[in-house]
1. Going by alpha carbons, how many degrees (0 to 90, nearest 10) lie between the helix axis of 166-189 and the longest principal axis of the chain?
2. Subtract the Cα-Cα distance of Tyr26 and His163 from 0.36 nm times their separation in residues, and report this length gain in nm to one decimal.
3. Expressed in nm to one decimal, what extension gain is obtained for the pair Met1 and Ile151 from 0.36 nm per residue of sequence separation less their Cα-Cα distance?
4. For the chain, find the longest principal axis of its Cα atoms and tell me its angle to the long axis of helix 93-120, 0 to 90°, nearest 10.
5. Rounded to the nearest 0.05, what FRET efficiency do Ala17 and Asp52 give with R0 = 35 Å and r taken as the Cβ-Cβ distance? Could you check?
6. What does the charge count near Phe109 come to, summing +1 for each Lys or Arg and -1 for each Asp or Glu among other residues with Cβ under 12 Å from its Cβ?
7. Only counting other Cβ atoms within 10 Å, I'd like Thr112, Thr14 sorted with the fewest neighbours first.
8. Full extension from Ala126 to Leu98: what is 0.36 nm times the residue separation minus their Cα-Cα distance, to one decimal in nm?
Amino acid sequence: MLSIAISLSLLVLTAGAKAGDPRMAYAHMFIAAAVCLSFALIAIRDTGRLVDNGASRAAVSASAARHMGFVWAWGALGLLISYGFGVVDWHEWWHFFLAFAVAGGAALFFATLLQRDADAGKTDEAILKVSRYLAYIQLFGMVVVVLGLLIDGKMTRFLVPRHGDWAANNIFFFGAVAIGAISAYAIKVSRPSGRVQA
């Protein structure tokens, strides 16, 4: 939570300073990249420890879903603080904020359900199957987002002053990379046979 608070503060400061110094856009991008890389590495580390300790598939899936929820929540808060408080101007921000907030809430709720089963020593194959499908959907979706942003030239929008979505694009791109990495790892370690594999 501390890293989320610090990173959001730095994102807001660099986004606000960009008007006076265009180089701040690069700093904003670097911060978003560093934070999302940290999210992915921490998620893989924590989930990998569960795998190494022979945790149940429910516990492993809960860990992955929880970390995905953190990334979605970080993205939602980043949009809210950057655009909702007028640091940067972009009228469509709230659509994405709502979507991120819903996705983050759903991921954290799903993680709670999975953790409850893990704590009770239960295996709900239906929930685990849904969890696996959602990981595949998120992985595919995040690949599409990353490619779309690159192909459409969105990652260089900060070079054109009239485009206010540049800060959101950094959040979208690097958040998608983090969620894609966590999803890919969750798919790798979770197996329908009831085993997890590192």
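No value in this document is a laboratory result; all are computed from the given coordinates. Small disclaimer: the values here were computed from a predicted structure and weren't measured. So basically every Cβ, Gly included, is an ideal-geometry build from the backbone, and we count neighbours across all protein chains shown.
1. With both axes taken from Cα atoms, the answer is about 10 degrees.
2. On the way: separation 137, 0.36 × 137 = 49.32 nm, distance 1.53 nm.
Extending this stretch completely gives an extra 47.8 nm.
3. Working: separation 150, 0.36 × 150 = 54.00 nm, distance 3.32 nm.
Gain in length upon complete extension: 50.7 nm.
4. 20 degrees
5. On the way: r = 43 Å, r/R0 = 1.23.
Computed FRET efficiency for Ala17 and Asp52: 0.20.
6. Details: positive: Arg66, Arg116; negative: none.
That works out to +2.
7. Ascending Cβ contact count within 10 Å gives the list Thr112, Thr14.
8. 7.3 nm
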